[in-house]
Amino acid sequence: MIFDDLEQNLAILDHQHLRRHRRVVDTPAGPRLTADGRPLLAFASNDYLGLANHPLIVAALGAGAQQWGAGSGASHLVGGHLRPHEQLEERIAEFVGLPRALTFSTGYMANLAVAPALVGRGDAIFADKLNHASLIDAAIASRAEHKRYAHNDVDALEKLLAVSTAKRKLILTDAVFSMDGDLAPLPQLFALAEKYDAWLVVDDAHGFGVLGDSGRGSLAHFALPASPRIVLMGTFGKAAGVAGAFVAGAARVIEWLMNSARSYIYTTAAPPAVACAVLKSIELIEAGDALRSRLRQRIEQLRVGLAPLAAAHGWRQAASPSAIQPLIVGDNKAALDLAATLEVRRLWVPAIRPPTVPLGTARLRISLSAAHSAADVDALLTALKEAA
Ligand SMILES: *Cc1c(COP(=O)(O)O)cnc(C)c1O
């Protein structure tokens, strides 16, 4: 029976401690929230600058809805491309320093667009082993050969590039790895892209708004040139605190995406009010040095406090300079138990398990925000000490 299979699959998930559950949050995003009726101090969001509930962005969303209505009415190419969408594209291109940009409803859809637009059968994608699931799906959808190199291993990548006979080559990487928090060696990847005439596609979901001068992202952080072979993707749902995503690059690349990317063409344009909210968010990001400096202080505070704890309890602290600070526990159940112990102390830190992370590397994914206070981080460190 078809339903028996599902029952069995779910039972297997239970047995492996891999069944997912959701919590219902009854308050706006932020460090202090109520979930399933309980007040919790949360280290569980990607709202790195604390903008998700910022009054000016909320107001821009409301005013945008008053002026432009609730829905866009159609896909971008058919008639749903409204003035705020156009303004947002122009603003983003200027902000990240690339000639042109295209916006998408989600980062997942943006990633699904890029690789299949640039490569196909007979071509090859060279992808970091720890890339986000959406990049893996994009590589599969492209039908190009999908070569995966060990995490951040530039030499391994070069070996693959050197022997490849593919017609067109594409290097695909997260800029800030979503479950490890470390950065890709973008300057070295760019040098290899130049040497082997490859595209360099960079997913800056966790760098945009946080890294680089004025939060322009990872390309700015590493001072990479605005090369036509670089294609940059970023999201508006993380540091920007709203929703949606962009792809930026050479004008021809963007023109081709607009004409070929199925996840751009065959879907209704996001509500124009969302574009209004993101425009306000970019303004706050650009002026957000104080927020970024607060975030950096929390990161430093947590890292310094975690080091002795990790050493004492056999946990592994990742070499992460970013707001994503994983504490790698290893075993799925141990990670769940640690998260549960923290929850008793009214702290919410998600346990991340395979297949989101490699087998045997289950972890607490602590994510920090400029909205956390020094006392919040202290509370987490104290609870971890007691939990261990
Ligand atoms: C979150 C994320 C995405 C997807 O972005 P959404 O806007 O949430 O769909 C893509 N890539 C990475 C690395 C991410 O962390």
Selected from R262, R298, R363 as most flexible by GNM, with the chain as the system and alpha-carbon contacts under 10 Å: R262
Quick one: length gained pulling A311 to K159 fully straight, 0.36 nm per residue minus the C-alpha distance? 51.2 nm
Counting only protein heavy atoms and leaving out ligands, DNA and RNA, the solvent-accessible surface of K238 at a 1.4 Å probe, in Å² to the nearest 10, equals 40
Using a 1.4 angstrom probe on the protein heavy atoms only, line up F126, F3 by accessible area, largest first. F3, F126
Added length on full extension, which subtracts the Cα-Cα distance from 0.36 nm per residue, V24 to I12: 1.8 nm
Using alpha carbon centers only, the stretch 82-103 is separated from the stretch 128-146 by a whole-angstrom value of 26
At R0 = 51 Å the Cβ-Cβ FRET efficiency linking R252 and S293, nearest 0.05, sits at 0.85
Choice from T27, T103, T267 with maximal GNM fluctuation in the chain (Cα, 10 Å cutoff): T27
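If you wrap a convex hull around the C-alpha atoms of the stretch 55-286 and split its volume per residue, what is the figure in Å³?
102
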Among A248, I285, I57, whose Cα lies farthest out toward the positive end of the dipole of the stretch 55-286, if unit charges sit on the beta carbon of Lys, Arg (+1) and Asp, Glu (-1)? A248
Given N residues in the stretch 52-180, what is its alpha carbon radius of gyration divided by 2.2 N^0.38 Å? 1.34
Please report, in cubic angstrom per residue, the volume enclosed by the convex hull of the alpha-carbon atoms of the stretch 296-388. 87
To the nearest 10 square angstrom, what accessible area does W348 show with a 1.4 Å probe? 50
Full-extension gain in nm, A379 to S260, via 0.36 nm per residue minus C-alpha separation: 37.8 nm
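Could you look at the chain and say what percent of its accessible area is carbon and sulfur, using a 1.4 Å probe and all protein chains?
Reported share for carbon and sulfur atoms: 56 percent.
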Between Rg and the Kirkwood Rh of the chain, both from Cα atoms, what is the Rg to Rh ratio? 0.97
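What value, in deg cm²/dmol to 500, does the helix sum -39500 (n - 2.57) over DSSP H runs of n ≥ 4 give at 222 nm once divided by the residues of the chain?
Helices in the chain give a 222 nm mean residue ellipticity of -13500 deg cm²/dmol.
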Highest GNM mean-square fluctuation, the chain, Cα pairs closer than 10 Å: which of D137, D47, D128? D137
Can you sort H15, H221 by solvent-accessible area, 1.4 Å probe, largest first? H15, H221
Whole-Å distance linking the alpha carbon centroid of the stretch 322-370 with that of the stretch 26-56 is 18
Excluding ligands, DNA and RNA, what is the solvent-accessible area per residue of the stretch 55-286 at a probe of 1.4 Å, expressed in Å²? 39
Cα→Cβ-extended label distance, 7 Å offset, between V344 and K195, nm: 5.4
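The values are calculated or read from the model by the stated rules, or taken from the named source; none is laboratory data. Just so we're clear, the structure is a prediction, and the values are computed from it rather than from any experiment. Here the Cβ is made from the backbone with ideal geometry for all residues, glycine too, and neighbour counts use every protein chain on show. Heavy atoms of the whole protein, side chains included, go into the accessibility calculation; ligands, DNA and RNA do not. Shrake-Rupley method; radii C 1.70, N 1.55, O 1.52, S 1.80 Å.
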